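Working notes, beginning with the structure itself.
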Number of protein chains: 2
Amino acid sequence: MAACNREIVARMQSDVPLIPQLAAHLVAAGGKRLRPLLVLAAARLAGYDKYGEDMRHVGVAACVEFIHTATLLHDDVVDNSQLRRGLASANAVFGNKASVLVGDFLFARAFQILTADGSLPVMAILSAASATLAEGEVMQMTTQNDLSTSVEQYLKVIYGKTAALFAAACETGAVVAEAPDSVREALRLYGANLGMAFQLVDDALDYAADQAVLGKTVGDDFQEGKVTLPVLAAYHAGNEEERAFWVRTIENNEEQREGDLQRALDLIAQTDAIGVTMARAQEYAEDAVKALARIPQAAPGSARHRHEPLRELLVDVALYTANRAR
Amino acid sequence: MAACNREIVARMQSDVPLIPQLAAHLVAAGGKRLRPLLVLAAARLAGYDKYGEDMRHVGVAACVEFIHTATLLHDDVVDNSQLRRGLASANAVFGNKASVLVGDFLFARAFQILTADGSLPVMAILSAASATLAEGEVMQMTTQNDLSTSVEQYLKVIYGKTAALFAAACETGAVVAEAPDSVREALRLYGANLGMAFQLVDDALDYAADQAVLGKTVGDDFQEGKVTLPVLAAYHAGNEEERAFWVRTIENNEEQREGDLQRALDLIAQTDAIGVTMARAQEYAEDAVKALARIPQAAPGSARHRHEPLRELLVDVALYTANRAR
């Protein structure tokens, strides 16, 4: 992870000073670096055994973080978000224009690094995941303010906007390690299920989180009229009057008034909509753990054996994800 | 070009209906398709001799157009432009959010297509050009409202925002054709010089064009306080009072008032700033033509000979570019 952080800082440099300045703002804000961690851990667990100058998984991990950072920059612009990880968002500090363009730069730079790395399968995975990511965001936009969105459609949205890149991160790790297809598929599945759990919990926390803990405002999704599982669960479980409340506040969300967020939080608590969402997250997390079990244990004494503790780490990541800040 | 148009339409499809809808809006608006034309012509002139299903240059040309379209979508968002090619811009019709995300989708899709094509050198050229493009746009942003920008800096900006992708388009054509390095370099130089001429003329036309002809508003750059060569030339040639006018309208461009655009047009005419700009464009166009001459003539009867007329076409493109709408 230290090598990956160095790579991230080194590769976001540019002759145009604003680019590293803006990028550093996000890097300094210190994300969890969960996606690069997944690349690195997946690669080692899949038997990747290069060290020092020869390590390829570090560059791939940096690219995955660049792609993720680019989408964060663009998301904050399109959502007009003022906070990111508890600090002022890049668009709030540097303006929308700079955020859009630096996002484009990071995306282009990611594919430059991947080209230099030279693995076509890794590029195929990450370019496809990037397209799916954009599709997921567009889908989310078109389901916004629409309570007729099915739970299935919602799950498709979160697969696109979050789980696809988690899956890709894990799968590229396996590819770098030249692991057999069964291991590659197990790691891809682990990532996809972890990503689903992660986004479900994220959506639950938007109606439950302590802003100081998460650096995000409770009720952002509500104010934007995002149709997430907590809302759908409360809406479907509500009586006629409650459903009318959701229609007014989510479908016609420009009419939101004082007290509406509190009412939403109350209804979500009453209908146990957070519980419903967290239970789904738990199922995905368990599927993620099951997927890991498909990777054969390394024989004691084999080169791969020293990385077996990473299996436990990835299990912990899944279980922690499904329970964080609960 | 017909095959390339079909490829563009086929590859912008997505299960998310808004994506092809928005992309079709731009495709229907009918750009010049100059960049894909450059890929195709450069490839053939460099001796590319595959036809039908085997044609690789068509896919690369579509990718170049996708990258260009993505930057147009993002530019219109960051500049809040309402018109593009004489029609309502995509952000005006579909909103900023959709434009940013569909731009991201097209960019990702371009690298998906390139990965499937499988040429690492082509990907290296286009990912580097995409990064340079973003750098050019950021540089343009930081020179905005700044009359101390040197002509050299301005030229660096237009190289980044325009010429780099023209150069890349031509160079990838040569790479697809597996042409020798000297031909690859000649075509890259042709594209770079053509791109410089193209952007210089574009910047001149912003102070001279008939909106109905170009589908752009005269004075857009002025209102945005963009520091382009027509402005720099008029500013440097102006007396004290005139320079004060430029400082007020370009550096403090929020203070622009009625009559300012007319005054700017008058000063630009008085100082022959358009003439200065077009003369520079003409020099670049001539350098472009000279670069083409470095490509050896195909021997009569050789497979490459049938494509020699494309040399004349590329010469005409350069000369027309330097003179369009004059």
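The values are calculated or read from the model by the stated rules, or taken from the named source; none is laboratory data. All of these numbers come straight from a predicted model, not from anything done at the bench. Methodologically, a virtual Cβ is constructed for each residue, glycine included, from the backbone with ideal geometry; neighbour enumeration extends over all protein chains shown.
For this structure, a couple of remarks:
- Close pairs (6 angstrom Cβ cut-off, 6 or more residues apart or separate chains): more than 19 Å from A:Gln112 (Cβ to Cβ) in segment A:1-25, modelled with pLDDT under 90 anywhere: A:His25/A:Ala90
- Among residues that are assigned by TED's automatic domain parsing to the domain that holds B:Glu65 and more than 18 Å from A:Leu106 (Cα to Cα), B:Val93 is included.
- Check on A:Thr142, modelled with pLDDT under 95 and over 15 Å from A:Val231 (Cβ atoms): yes
- Evaluation of B:Gly47 against (1) outside any helix (DSSP H, G or I); (2) within 13 Å of chain A (Cβ to nearest Cβ) (one fails), failing number: (2)
- Pair list, Cβ < 9 Å and 6+ apart or interchain, from segment B:141-158 residues that are among the β-branched types (Val, Ile, Thr) to residues that are loosely packed, with under 15 Cβ neighbours inside 10 Å and at pLDDT 95 or above: B:Val151/B:His236
- Within segment A:210-326, helices (runs of 4 or more DSSP H) holding 3 or more residues that are closer than 24 Å to A:Leu189 by Cα: A:273-293, A:309-323
- Test: residue in segment B:26-43 that is among the small types (Gly, Ala, Ser), buried (at least 22 other Cβ atoms within 10 Å of the Cβ) and either within 14 Å of chain A (Cβ to nearest Cβ) or outside any helix (DSSP H, G or I) (or both): no
- Among residues of segment A:197-231 being modelled with pLDDT of 95 or more and more than 30 Å from A:Asn252 (Cβ to Cβ), the one that is surrounded by the most Cβ atoms within 10 Å (Cβ to Cβ) is A:Ala197.
- Looking across segment B:121-180, the residues that are over 21 Å from B:Ala41 (Cα atoms), more than 14 Å from chain A (Cβ to nearest Cβ) and small (Gly, Ala, Ser) come down to B:Ser148, B:Ser150.
- Selection of first residues in segment B:256-282 that are within 22 Å of B:Asn323 (Cα to Cα) and of second residues that are among the polar types (S, T, N, Q), restricted to Cβ pairs under 9 Å at least 6 apart or on distinct chains, gives the following pairs, ordered by first then second residue: B:Thr277/B:Thr228; B:Met278/B:Asn323; B:Ala281/B:Gln199; B:Ala281/B:Thr321; B:Ala281/B:Asn323; B:Gln282/B:Asn323.
- Filter result (farther than 14 Å from B:Ala61 by Cβ and either hydrophobic (A, V, I, L, M, F, W, C) or touching a helix residue (DSSP H, G or I) at 6+ places or on another chain (Cβ under 8 Å) (or both)) within segment B:171-184: B:Ala179, B:Val183, B:Arg184
- Hits in segment B:82-115 (condition: away from chain A (no Cβ under 12 Å) and of a type outside the set (Val, Ile, Thr)): B:Gln82, B:Leu83, B:Arg84, B:Arg85, B:Gly86, B:Leu87, B:Ala88, B:Ser89, B:Ala90, B:Ala92
- Check on B:Asp54, charged (D, E, K, R) and touching a residue at least 24 places away in the same chain (Cβ under 8 Å): no
- Cβ-Cβ distances below 7 Å connect the following pairs, each with a first residue in segment B:298-326 that is free of Cβ contacts under 8 Å to residues at least 40 places away in the same chain, a second residue that is surrounded by 11 or more Cβ atoms within 10 Å (Cβ to Cβ) and part of a helix (DSSP H, G or I), and a separation of six or more residues or different chains: B:Ala299/B:His305; B:Val315/B:Val289; B:Val315/B:Leu292; B:Leu319/B:Ala285.
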